[in-house]
Amino acid sequence: MLLIHVQKVTPRVSYTFKQICKRILGIDVSLTSKIETFIAHDGPKLSYGKQPLGKELYFQSVDLLFEHGLNDIDIQVFDWEETKCFFEVKNPDSALPYDIFAATFYLLTRYEEYLPHVKDNLGRFPATESIGYTNNFLEDPVVDIWAFKFKKILLEKYVDLQFDEKKFTIMPVVSVAQTFAYKNKGVLRSIGGGIRDLWRLKLDEFTDRIKVSLGLKKDPYDTFDFIIGLQKNKKRKSKVLFGLGDYSNYEKNVGYNRPEHHTIIKHIADYIDIGLKVSYEAVGSLSILKKEKQRIENILNRRLEYSICSFFKIKLPEAYRNFIELEIGEDYSMGYSGYSGFRAGTCTPFMFYDLDYEVQTPLVIYSFCFVNQGIREDFQNEESVKNEIIGYIEKIKKVNGIFIPIFSNTLFSDLYGQPFWKSIFEFIWNIEDE
């Protein structure tokens, strides 16, 4: 166990050190504000504060972990060794030139998303507004990198210190906005789609629509047997998250109560963990979210554990408070649409910290770093996609994190997507965990 002396054991201090020490590095930590307890301790220890107590291992702090509420913080990002950091400290006795603990808290809590900012057309916090994007470290899991630098310092001081290291893993997630392209759409939507195909002279799609409706051909978006096949060949903790929201300008899935919709969800649930793709409308509405949660629980006959927000719209802190109230355990929305990278600066799951209430919550956040939503200009061929994936995997392996790519079932269809996405998904699936 590692003992840490702080001037005051605040919820922020407890949250940050437990995330870095226990969840990332795998070492138990105890916090104390009593000098006599710290002095009497014979095992590994350090102090974190404005000034060292004596000659102990010491890390200088800034004020963030000892404050309450939100403040307009001036962030200056600097190059540090092979990474970047902020919250520089000046005491020469400090083992690090930056307060990586305050910086970690700032990123994990999404502090910047609580402050005034320009939203995009869907009301989201844009990647381009983030400190990671503007300072060129969005593509690095800096929190985990900092934690491993902290570990190195600990081992230089305490060579026998033991860490229960986690392993690099891969967790593919499939978000299902449309279970079917043609099937189960209802008479009016099917007729309207057929007329639209003819008007645009998309005769192949019109023909496919007729064949699917007559049961002569499999629906092109029904790519789930492909996903299940990979799961059978190699057990992996993947997730398939279904949208069950009402039809709207943002939600285009088939009706949640269609028998064939239920059948395919239950079929997939025999092999893969199933969760809910929270509709755009439900992200900001507890009553709508409760309705969608009830729908999927009635289909699965089990409690909902996993969620992802449509368009990755996370309205903080209201959306996550609603998830907590409805006892949703894990969320996979922490990332940006159209930009790969680490929105919260980490590839390790973390607990959601509510900055308004100053409390750690039971909701576990899984941050994804790779997504293809729409057709990105830099994703025109298989090689460019694989190179980006390999780059992220190499970074995440160094810190024993989790690589979470987000896919859509429609990408594996021949209807609109590029044909190489199936092989990309197989490529990811066949990479060995370590």
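The values are calculated or read from the model by the stated rules, or taken from the named source; none is laboratory data. Source: prediction; values computed, not measured. Cβ coordinates were reconstructed from backbone atoms using ideal geometry, including for glycine residues, and neighbour counts include every protein chain displayed. Surface areas here come from the heavy atoms of the whole protein model, side chains and all, with no ligands, DNA or RNA. Shrake-Rupley method; radii C 1.70, N 1.55, O 1.52, S 1.80 Å.
Key figures
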{"item": "Residue count for the range 83-99, restricted to those that are without any contact (Cβ under 8 Å) to a residue 60 or more places away in the chain and within 30 Å of Ser333 (Cβ to Cβ)", "result": "5"}
{"item": "Qualifying residues in the range 1-24 (those that are in a loop (DSSP other than H, G, I, E, B) and among the polar types (S, T, N, Q)) - the one least open to solvent (accessible area, probe 1.4 Å)", "result": "Thr10"}
{"item": "Of all residues making up the range 166-186, the number that are open to solvent by 10 Å² or more (accessible area, probe 1.4 Å), farther than 17 Å from Ile389 by Cβ and at pLDDT 95 or above", "result": "1"}
{"item": "Helices (runs of 4 or more DSSP H) completely within the range 316-434 that count 1 or more residues being at pLDDT 95 or above and open to solvent by 30 Å² or more (accessible area, probe 1.4 Å)", "result": "318-325, 382-398"}
{"item": "Selection count where residues are in a strand (DSSP E or B) and hydrophobic (A, V, I, L, M, F, W, C), scope the range 290-315", "result": "2"}
{"item": "Filter result (part of a loop (DSSP other than H, G, I, E, B), modelled with pLDDT of 95 or more and not β-branched (Val, Ile, Thr)) within the range 71-86", "result": "Gln76, Phe86"}
{"item": "Flag if Ile274 is assigned to a helix (DSSP H, G or I) and surrounded by 20 or more Cβ atoms within 10 Å (Cβ to Cβ)", "result": "no"}
{"item": "Residues of the range 47-59 satisfying the condition of being open to solvent by less than 30 Å² (accessible area, probe 1.4 Å) and closer than 16 Å to Ile153 by Cβ", "result": "Ser47, Tyr48, Leu57, Tyr58, Phe59"}
{"item": "Any pair with Cβ under 9 angstrom, 6 or more apart, that starts in the range 254-276 at a residue that is farther than 25 Å from Glu327 by Cα and ends at one that is open to solvent by 60 Å² or more (accessible area, probe 1.4 Å) and part of a helix (DSSP H, G or I)", "result": "Val254/Arg189; Val254/Glu260"}
{"item": "Pair list, Cβ under 6 Å, 6 or more apart: the range 310-330 residue more than 16 Å from Arg110 (Cβ to Cβ) and of a type outside the set (A, V, I, L, M), other residue in a loop (DSSP other than H, G, I, E, B) and open to solvent by less than 10 Å² (accessible area, probe 1.4 Å)", "result": "Ser310/Ser279"}
{"item": "Ser30 vs. criteria hydroxyl-bearing (Ser, Thr, Tyr), over 15 Å from Ile153 (Cα atoms) and open to solvent by 10 Å² or more (accessible area, probe 1.4 Å)", "result": "yes"}
{"item": "Residue within the range 105-125 that is of a type in the set (D, E, K, R) and over 22 Å from Thr346 (Cα atoms) present", "result": "yes"}
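For (1) free of Cβ contacts under 8 Å to residues at least 60 places away in the same chain; (2) part of a loop (DSSP other than H, G, I, E, B), each residue gets a yes or a no:
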site	(1), (2)
Leu122	no, yes
Leu155	yes, no
Glu165	no, yes
Ser175	no, no
